[in-house]
Amino acid sequence: MIDLRSDTITVPTEAMRAAMAAAPVGDDVWGEDPTVIELQEFGAGLFGKEAALYVPSGVMGNQLALRVLCNDGDEVLIDSQAHIYYYEAGAPSVISRVQLRPVESNRGLLDVSALDAAVRPGDVHFPHTRLLCIENTHNRYGGLLMPPDNLAEVAAWAAERDIRLHCDGARLWNAAIGAGIAPAEYAAPFDTLSVCLSKALGAPVGSLLLGSRANIDKALKWRKILGGGMRQAGIIAAGGLHAIREHYGLLAEDHRRAAAFAASLEAAGLGVDTNFNAELKGRLTNIVLLRHDGRRDSSVILEECRRRGLLLSNMGGNMLRAVFHFQVGDAAAQSAVEIATSVFADAV
Ligand SMILES: *Cc1c(COP(=O)(O)O)cnc(C)c1O
């Protein structure tokens, strides 16, 4: 079975398991796990931030960032399709007591005039516009990366208005590889960033929250409050270290396979959602969205793919998703093209 439902479904390799088994560990709630410390220091260096905190999930990384950067009742500007708004179970209202203000983007490209219109005046009637969250790559827009020039423009806009910046960088690794820049370059304008180790990088558990020493110290307290303090977490942190060191460089291969998959389906006249225009092509990473005309229900198409050995995921609205990761090699990627082409040809 070729599983392209998500890049979260990777399982640890033998080498990763060996690194995990051999990891020196201690009690990380006491700050004594050498492997967790190594991961945090390595991550902070990679992203050019003062400090990092190992957290159990990307959601926790994002939610700690909101809690640390905002005060009760603040307003947070966020893309209307962003994970923090769409998929995090209303957590900002529960944990940080903030209000999210969704703004429309052009598939993750932010327009500063749209942001301007969403900033609140300094008047007693209004919440304080405190934070802008940016997702890179953008999950619901099909893994599109944020071009560095758009980020620079938005970051300058936020700095002029004293608005904090958080990056939901679950797949920032893919963005950096896709844009051909260092992770630290993408990270530079942000107060905080959350990056997943458990997606295409292939670690079994965990994310890093990165930022200033002061903000990470505050996040440590909130991680404790949320029950995210872990004891001999070096066992899983070792998987994260191994993933960054050994798998980061493999992401370019995932992008190459995703682009080939999209190009083949497009060449067959099938519904690649990007329409493959030149601008979007430069933003594609490891995800391909496929849109069908709805004559058959998505569940029927998915079942037919499954019967022929290919798993895709359902994004709603006649949209299916294929996500490439290092446990899908060239032969499997080629079979995926053949299966998807034949099933889709009947559907579109
Ligand atoms: C997966 C994902 C998260 C959450 O990560 P979990 O580890 O599943 O909690 C956050 N943001 C984006 C963009 C994601 O794709």
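Couple of notes before you dig in:
- Computed about the Cα centre, the dipole magnitude for segment 1-70 is approximately 320 debye when only Lys and Arg (+1) and Asp and Glu (-1) carry charge, each at its Cβ.
- Lys/Arg +1, Asp/Glu -1 at C-beta; the chain dipole; positive extreme among P102, L46, A19: A19
- Structural size metrics of segment 28-166, computed from C-alpha coordinates, are Rg and Dmax of 16.1, 49 Å.
- Centroid-to-centroid, using Cα positions, segment 1-79 and segment 237-260 are 16 Å apart.
- Computed label-point distance, nm, for sites E14 and E160 using a 7 Å Cα→Cβ extension: 5.8
- One Cα centroid belongs to segment 325-346, the other to segment 84-131; the line between them spans 39 Å.
- Area accessible to solvent at K218, 1.4 Å probe radius, in Å²: 110
- Cβ-based charge dipole, the chain, positive-most Cα from C167, A203, I216: A203
- Largest to smallest in accessible area, the residues S335, S207 fall in the order S335, S207 (1.4 Å probe, all protein chains included).
- Other residues lying with their Cβ under 13 Å from the Cβ of T341 contribute a combined charge of -3, Lys and Arg counting +1, Asp and Glu -1.
- Taking each residue as 0.36 nm, the span from R213 to N314 lengthens on full extension beyond its C-alpha to C-alpha distance by 32.3 nm.
- Test item: Cα-centred dipole of the chain, Lys/Arg +1 and Asp/Glu -1 on Cβ, debye: 540
- Whole-Hz couplings from phi, Karplus 6.51/-1.76/1.60, listed for segment 197-210; x for Gly and Pro: 9, 9, 9, 4, 5, x, 6, x, 8, x, 9, 10, 9, 10
- For the chain, the number of Lys pairs separated by eight or more positions or lying on different chains, with C-alpha atoms closer than 28 Å, is 8.
- Using Cβ point charges alone (K and R +1, D and E -1), the dipole size of segment 46-204 about the Cα centre works out to roughly 480 debye.
- D346 accessible area, 1.4 Å probe, all protein chains in place, Å² to nearest 10: 90
- Cβ-based net charge around A200, under 15 Å, with every Lys or Arg adding one and every Asp or Glu removing one: +2
- Surface share of carbon and sulfur [accessible, 1.4 angstrom probe, percent] for the chain: 52
- Distance cut-off 27 Å, percentage of C-alpha pairs in the chain lying past it: 47
- DSSP beta bridges fully contained in the chain are about 50 percent antiparallel.
- Heavy atoms of M315 accessible to a 1.4 Å probe, total area in Å² rounded to 10: 40
- Heavy-atom SASA rank of R171, R307, R245, R164 (probe 1.4 Å, accessible area, largest first): R307, R245, R164, R171
- Length gained on full extension, D293 to Q334, computed as 0.36 nm times the residue gap minus the Cα-Cα distance: 12.3 nm.
- For the chain, the per residue solvent-accessible surface stands at 40 Å², with DNA, RNA and ligands left out and a 1.4 Å probe.
- Close amide H partners of M315, meaning residues 5 or more places away or on another chain with modelled amide H under 5 Å apart, are L320, R321.
- Other-chain or far-sequence residues with amide H under 5 Å of R101's (modelled H): V76, L77, I78
- Pairwise Cα inverse-distance average, inverted: Kirkwood Rh of segment 220-348 (Å): 16.6
- Heavy-atom accessible area order for I181, I37, I216, largest first, 1.4 Å probe: I37, I181, I216
- Calculated [222 nm] ellipticity per residue, helices only, for the chain: -12500 deg cm²/dmol; basis is -39500 (n - 2.57) per DSSP H run with n ≥ 4, divided by all residues, nearest 500.
The values are calculated or read from the model by the stated rules, or taken from the named source; none is laboratory data. As the structure is a prediction and not an experimental result, all values here were calculated from the model. Reconstructed Cβ throughout: ideal geometry from the backbone, glycine too, with neighbour counts over all protein chains shown. Remember, those area values only see protein heavy atoms, side chains included, never the ligands or the DNA or RNA. Shrake-Rupley method; radii C 1.70, N 1.55, O 1.52, S 1.80 Å.
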